[in-house]
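Asks: Before I ask anything, let me first share the structure, which is written out below as structure tokens.
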Amino acid sequence: MRKKVIAGNWKMNMLPGDALKFLEEFGPLVKDSTSTIVLCVPFTDIFYVKNYVSDMPWIHVGAQNMHFEDHGAFTGEVSGEMLKAVECEYVIIGHSERREYFAETDETVNKKIKKALELGLKPIVCVGEKLEQRESGLAKEIITKQTHLALEGLTGEQVKGVIIAYEPIWAIGTGKTATAEDANNSIKDIRAQIAEDFGQDVADEVIIQYGGSVKSSNAKELFTTSDIDGGLVGGASLKPDEFSKIVRYNEQ
Ligand code: PGA
């Protein structure tokens, strides 16, 4: 059975002091959770957060992006090796905000995933359609193509170590959530694509999250469907009490 992975995406929020204040409250609230908990924090928080959670092994730390090269003349970029050096375990790759504002393409996403896996980082790979694409019936085509291109050239064993986050763009930060049924169906489409490319046994193991306006009031409905294996949570992951309720969705 696939374990639920619930990841917070803090985006460009939280100074180190805010992060530690968050952890002081959040850490004890989720101590006995059965889900894997990941906090994807700004680069400048990673070192502080890792230090703070050294006696909270139930909290894992991730970054929100990385470069696919190890080092070199790439001003302003951070490599996977650098993330490993501060003991980061996860990294979000290809978030729609990076695709839209920072010109990430399916090709750079694919290169980043390969580098992350090579280094032993766990990639959380985002795919998702725009509103007009959903409305014109193209959602399935878009998300299966993004999935296929993101994972191209990987082995089935490698794919088992990738987490996919299905995030319909129209649901991110808008308060509009996909219905649990729609989200589950889109995730089934993604899983079917992985089965076609790598075999059913691989597809059955891959963790696929839902993201887009997840909150404590909808987490249980979403996370108890057949194919949704947890969530990637933006806004609601900034509030310790609210995020702890999402992590503990099964106790509601
Ligand atoms: P949201 O963001 O929960 O604020 O909609 C999700 C995300 O962008 O990962």
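The values are calculated or read from the model by the stated rules, or taken from the named source; none is laboratory data. Bear in mind that the values here come from a model prediction, so they are computed numbers and not experimental data. Cβ sites come from the backbone with ideal geometry, for glycine too, and all protein chains shown count toward neighbours. Just the protein is used for accessible areas: all its heavy atoms, side chains included, with ligands, DNA and RNA removed. Shrake-Rupley method; radii C 1.70, N 1.55, O 1.52, S 1.80 Å.
Asks: Out of 248, 191, report the one residue that is at pLDDT 95 or above and within 17 Å of the chain's Cα centre (by Cα).
Replies: Of the residues listed, the single one that is at pLDDT 95 or above and within 17 Å of the chain's Cα centre (by Cα) is 191.
Asks: Further question: Against the conditions (1) open to solvent by 30 Å² or more (accessible area, probe 1.4 Å); (2) among the small types (Gly, Ala, Ser); (3) assigned to a helix (DSSP H, G or I), where does residue 73 fall short? Just the number, please.
Replies: Answer for residue 73: the failing condition is (3).
Asks: Would you mind stating whether residue 219 is at pLDDT 95 or above, more than 9 Å from the ligand (Cβ to nearest atom) and at negative phi?
Replies: The answer is yes for residue 219.
Asks: Would it be correct to say that residue 156 is under 18 Å from the mean Cα position of the chain (by Cα), at pLDDT 95 or above and not polar (S, T, N, Q)?
Replies: No: the conditions fail for residue 156.
Asks: Are any residues in the range 150-172 part of a loop (DSSP other than H, G, I, E, B), in contact with an Asp or Glu (Cβ under 9 Å, 6 or more places away or on another chain) and within 15 Å of the ligand (Cβ to nearest atom), and if so, which ones?
Replies: Result: 168, 172.
Asks: Please find, within the range 1-30, the residue that is farthest from the ligand (Cβ to nearest atom) out of those that are open to solvent by 60 Å² or more (accessible area, probe 1.4 Å) and aliphatic (A, V, I, L, M).
Replies: Here the residue is 1.
Asks: Considering only the range 111-123, how many residues are open to solvent by 20 Å² or more (accessible area, probe 1.4 Å), closer than 19 Å to residue 166 by Cα and in contact with a helix residue (DSSP H, G or I) (Cβ under 6 Å, 6 or more places away or on another chain)?
Replies: The initial filter retains those residues of the range 111-123 that are open to solvent by 20 Å² or more (accessible area, probe 1.4 Å), namely 111, 114-115, 117-120, 122.
Pick out the ones that are also closer than 19 Å to residue 166 by Cα and you get 122.
This time we only want the ones that are in contact with a helix residue (DSSP H, G or I) (Cβ under 6 Å, 6 or more places away or on another chain), so: none.
The qualifying residues number 0.
Asks: Across the range 123-149, what is the total count of residues that are touching a residue at least 12 places away in the same chain (Cβ under 8 Å) and either part of a loop (DSSP other than H, G, I, E, B) or within 16 Å of the ligand (Cβ to nearest atom) (or both)?
Replies: Summing the residues that are touching a residue at least 12 places away in the same chain (Cβ under 8 Å) and either part of a loop (DSSP other than H, G, I, E, B) or within 16 Å of the ligand (Cβ to nearest atom) (or both) in the range 123-149 gives 12.
Asks: Being open to solvent by less than 10 Å² (accessible area, probe 1.4 Å), under 21 Å from residue 22 (Cα atoms) and among the aliphatic types (A, V, I, L, M) is the requirement here; does residue 194 meet it?
Replies: Spelling it out, it is not the case that residue 194 is open to solvent by less than 10 Å² (accessible area, probe 1.4 Å), under 21 Å from residue 22 (Cα atoms) and among the aliphatic types (A, V, I, L, M).
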